[in-house]
Amino acid sequence: MAARLKKGDKVVVLAGKDKTQTGTIQSVDPKSGKAVVEGINVSVRHTRQSQQQQGGRRPVPMPIELSNLALVDKNGKPTRVGFRVEDGKKVRFAKTTGDVIDA
């Protein structure tokens, strides 16, 4: 199945505690259907002190279900992603505006 959301895409959260917040995708795991978004769904991890690093509390972004994310179009609104063929190449496009996402 083709990837509707990819690393580097600007997305908005549709559901959950961070609803309506926007961020950039840092990584996507298609097997589990989750993505890590910068600054969204942040959890605090406690790390033990070692010789290399100091211990303490560290904020870490946790994965979010892909179904709870939507791409942001050029107008700043959430949009669904579609596929079409242009010049013999399959490209993603925003369903609200019809603009091509991958140039």
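Every number in this text was worked out from the coordinates using simple rules, so none of it is lab data. The structure displayed is predicted, hence computed values, not measured ones. Please note: Cβ atoms are built from the backbone with ideal geometry, for glycine as well, and neighbour counts cover all protein chains shown.
Residue separation of R84 and S50 scaled by 0.36 nm, minus their Cα-Cα distance, works out to 7.0 nm of gained length.
Count Lys and Arg as plus one, Asp and Glu as minus one, and take only other residues whose Cβ is under 13 Å from that of Q49; the net charge is then +3.
In this structure the amide hydrogen of V42, modeled in the peptide plane, comes within under 5 Å of the amide hydrogens of M62, none closer than 5 places in sequence on its chain. Using only side-chain charges placed at the Cβ, +1 for Lys and Arg and -1 for Asp and Glu, the dipole size of the chain relative to its Cα centre rounds to 260 debye. Put simply, when 25-32, 64-71, 45-52 are sorted by average Cβ atoms within 10 angstrom per residue, most first, you get 64-71, 25-32, 45-52. With Rh defined as the Kirkwood radius, the inverse of the mean 1/r over Cα pairs, the Rg/Rh of the chain is 1.10.
If you plug the beta carbon distance of V91 and K31 into 1/(1 + (r/R0)^6) with R0 = 41 Å, you get a FRET efficiency near 0.95.
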